Amino acid sequence: MGGTLFRTKSIEQSIRDTEEPEHALKKSLSALDLTVFGVGVVIGSGIFVITGTAAKDYAGPAVTLSFVVAAVVCALAALCYAEFASTVPVAGSAYTFSFATLGELPAWIIGWDLVLELALGCAAVSTSWAGYVQSLLESWGIPLPEVLLGPPADGGFGFNIAAFLLIAAVTGVIVVGMKLSAMVTSVVVAIKVLVVLVVIAVGAFFVKGANYSPFVPGSKETAGGSGLDSTLLEAVFGFTPATFGVMGIFAAAAVVFFAYIGFDVVATAAEETRNPQRDVPIGILGSLGICTVLYVGVAIVVTGMQKYSELDSDAPLAEAFKAVDQPFWAGLISFGAIIGLVTVVMILLLGQSRVFFAMSRDGLLPPLFCQVHPKFRTPYRSTVVLGLVSAVIAGFVPLDELAKLVNIGTLFAFVVVALGVNILRRTRPDLPRSFRAPWVPVLPIASVACSVWLMLNLSVETWLRFGAWMLLGVVIYFAYGRRHSRVTAD
């Protein structure tokens with residue numbers, strides 16, 4: 001049985017599968033489209049929210065350096081993704097890469113992990129979007145009934161109608177076609193980036209040098225968590241966490257890292273790209289570079305406009321402008337957040353449906369998920385089913401704790417992809433690689449080490465929930481996937 005569990009799917013077979021008429025996806029995306037997708041999914045609630053939390057609670061004005069540190073960690077993973085996606089231009093991202101290097105069971109596990117990451121991410125972001133919409137409607141004097149605002153904090157029934165409708169609408173756009181999705185994303189991303197540039201350009205006039213002093217606040221030891229709330233580092237190694245100081249910069253990096261989540265979704269669209277060997281690496285690395293520059297710019301401005309200890313944790317950018325008596329710009333930022341989160345939901349759902357499509361095409365999930373629409377050439381059934389599931393989750397489930405699973409799922413995928421690059425370099429040195437990650441095997445090993453370090457900073461409760469989800473996935477694999485797999489051992 002061990003031979004079947006770790007049988008790999010050859011790169012050649014993966015590429016041949018993309019040419020089957022009943023499973024062929026339409027190739028319509030360019031490098032610009034992929035870059036826009038990457039920017040669209042990365043610049044979301046993170047840049048509008050997480051900057052204030054990281055500066056106020058962890059690093060002070062030095063949060064700017066935290067964004068740089070997080071960008072370096074992501075760049076290590078991005079280089080690995082770029083090599084894989086250009087070598088194996090097939091839908092499925094880390095799932096497909098794992099199948100080619102680690103085998104069927106590890107590929108299933110990482111695919112199941114991506115489903116968790118993207119489904120909960122889609123639902124969580126749509127819930128954040130709904131919060132902005134509800135606030136806007138209240139300012140117009142037309143508040144929604146309490147029962148339609150989502151489940152109340154103290155329990156009871158509630159349904160988040162705005163989040164549900166957003167995912168439903170986005171699902172329809174994705175079903176119609178990737179090019180339409182790219183066009184919608186391009187327009188929305190242009191608005192979102194313009195708002196971010198306005199924040200930097202206008203906010204620069206209200207920066208006060210005194211707010212940067214001290215740039216690196218003195219270190220403070222914290223009590224840490226207890227029980228399931230403690231990090232794995234605390235629970236296993238007795239590590240005492242600290243905020244501010246030099247260690248605070250790295251602690252904040254673990255927080256702001258999650259503002260970069262999403263660039264890896266670009267790899268899921270490789271099969272629908274006209275020239276994936278060239279365009280996918282450009283899309284992955286280009287979007288990460290653009291977002292890093294914007295994040296650093298926003299961090300510099302917002303910590304200069306308002307003292308870090310006074311920053312708002314929920315809406316730091318908007319509140320910073322209110323603090324300098326600029327309500328118009330504060331309102332514009334809120335509008336940008338509402339518009340910007342639409343693309344995040346769209347691209348997360350798009351990536352999720354492509355992972356399901358790839359797993360179904362290999363026989364590990366029922367065949368209905370790999371059916372392609374005869375006109376639009378998109379995996380419409382998987383898109384509709386997953387869109388409905390995400391919409392229901394967003395409507396009924398408060399996701400404050402579950403959203404943490406998005407973080408651990410992403411980091412786990414980073415680890416697997418980095419290991420896969422080293423393995424494929426050794427097992428298939430003959431493969432043509434239009435993009436080669438530098439400093440292999442050192443760079444992938446560094447990527448694994450950085451990702452594992454950030455995972456260790458997540459709570460014990462998050463690890464237990466992640467383990468439970470993975471266990472459920474293993475059960476489904478042995479009950480269905482292993483017996484229906486279309487892959488033969490290579």
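What follows draws every value from the coordinates through simple rules; no lab data is involved. Because the structure is a prediction, the values reported are computed rather than measured. Glycine gets a Cβ as well: all are built from the backbone with ideal geometry, and neighbour counts include every protein chain shown.
If each residue's Cβ is checked for other Cβ atoms within 10 Å, how do Asp113, Asp312, Asp430 rank with the fewest at the top?
On the way: Asp113 26, Asp312 17, Asp430 5.
Listing Asp113, Asp312, Asp430 from fewest to most nearby Cβ atoms yields Asp430, Asp312, Asp113.
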Discussion item. Only counting other Cβ atoms within 10 Å, I'd like Val147, Val176, Val90 sorted with the fewest neighbours first.
Written reply: Val147, Val176, Val90
Fill in: Ascending count of other beta-carbon atoms within 10 Å, so fewest first, for Trp108, Trp329
Trp329, Trp108
Worksheet item: What size of dipole, in debye to the nearest 20, comes out for the stretch 1-133 about its Cα centre when the only charges are +1 on Lys and Arg C-beta atoms and -1 on Asp and Glu C-beta atoms?
Response: 240
Item to complete: State the answer as a single residue: which of Phe99, Leu116, Leu349 lies farthest towards the positive end of the charge dipole of the chain, with beta carbon charges of +1 for Lys and Arg and -1 for Asp and Glu, about the Cα centre.
Response: Phe99
Discussion item. Can you tell me, using C-alpha contacts under 8 Å and at least 6 residues apart, the relative contact order of the stretch 2-484 as a whole percent?
Written reply: 34
Fill in: Net length gained if the chain between Leu144 and Ile476 were fully extended (0.36 nm per residue, minus Cα distance)
115.5 nm
Worksheet entry | Residue (of Ser451, Ala358, Val416) at the positive-pole extreme of the stretch 331-477, dipole from beta-carbon charges | Ala358
Worksheet item: What does the highest-first list of 115-128, 412-425, 185-198 look like by mean Cβ count within 10 Å?
Response: 115-128, 412-425, 185-198
Discussion item. From the C-alpha coordinates alone, can you work out the Kirkwood hydrodynamic radius of the stretch 433-490, in Å?
Written reply: 15.0
Fill in: Sparsely packed chymotrypsin sites (Phe, Trp or Tyr not before Pro) within the stretch 415-490, loop by DSSP, other Cβ within 10 Å at most 11
Trp439
Response to the item:
Toy charge model, Lys and Arg Cβ at +1, Asp and Glu Cβ at -1: the chain dipole around Cα centroid in debye, rounded to 20, equals 1300
Worksheet item: Can you pull the Rg over Rh of the stretch 314-443, Cα-only, Kirkwood?
Response: 1.10
Item to complete: Taking only the C-alpha atoms, wrap a convex hull around the chain and report its volume per residue in Å³ as a whole number.
Response: 145
Worksheet entry | Options Val392, Gly248, Ala75, ranked by Cα towards positive dipole end of the stretch 2-484, top entry (Cβ charges) | Ala75
